[in-house]
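Working notes, beginning with the structure itself.
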Amino acid sequence: MADESTAVASPPSPAWTGRVIHVWPGGRCQLITPTRYAWTAAPGNLRPATDAERAAYDAQVHEIQRERAALYRQLRGGARS
């Protein structure tokens with residue numbers, strides 16, 4: 001979902017895109033970014049993410065996972081030295 005309340009006109013910044021991790025009665029949602037920052041959004045501010053927004057979110061998740069795996073490999077290699 002995208003939270004339009006997070007968009008900024010000046011300087012231009014798009015709405016935050018996050019995965020829904022919790023929905024409360026009344027429609028408020030808790031969303032989470034690829035970096036694991038969670039926030040609450042009101043139902044009137046939410047819209048489905050576009051295909052491009054979803055692809056960007058998924059790409060950022062993939063990059064974070066890749067970097068984390070590389071760090072773990074580096075740390076395991078350093079422990080054996």
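Limited to region 30-47, what total is found for residues that are within 14 Å of the chain's Cα centre (by Cα), without any contact (Cβ under 8 Å) to a residue 40 or more places away in the chain and surrounded by 11 or more Cβ atoms within 10 Å (Cβ to Cβ)?
Going through region 30-47 one residue at a time, the tally reaches 8.
Among the residues of region 1-14, how many are surrounded by 10 or more Cβ atoms within 10 Å (Cβ to Cβ), over 11 Å from the mean Cα position of the chain (by Cα) and among the hydrophobic types (A, V, I, L, M, F, W, C)?
1
Assess whether Thr50 counts as being at pLDDT 95 or above, under 17 Å from the mean Cα position of the chain (by Cα) and either among the charged types (D, E, K, R) or open to solvent by 60 Å² or more (accessible area, probe 1.4 Å) (or both).
Here the answer is yes, as Thr50 does meet what is asked.
Output the number of the condition that Thr35 fails; it satisfies all remaining conditions of (1) modelled with pLDDT under 95; (2) of a type in the set (S, T, N, Q); (3) out of contact with any helix residue (DSSP H, G or I) (no Cβ under 9 Å at 6 or more places or on another chain).
(3)
Would you check if there is a residue in region 68-77 being outside any loop (DSSP other than H, G, I, E, B), surrounded by 10 or more Cβ atoms within 10 Å (Cβ to Cβ), in contact (Cβ under 8 Å) with a residue 12 or more places away in the chain and within 17 Å of the chain's Cα centre (by Cα)?
no
If you go through region 1-48, how many residues are part of a strand (DSSP E or B) and of a type in the set (Asp, Glu)?
Qualifying residue count for the region: 1.
The values are calculated or read from the model by the stated rules, or taken from the named source; none is laboratory data. Source: prediction; values computed, not measured. As a convention, Cβ positions derive from the backbone with ideal geometry for all residues, glycine included, and neighbour counts pool all protein chains shown. Accessible surface areas use protein heavy atoms only, side chains included; no ligands, DNA or RNA. Shrake-Rupley method; radii C 1.70, N 1.55, O 1.52, S 1.80 Å.
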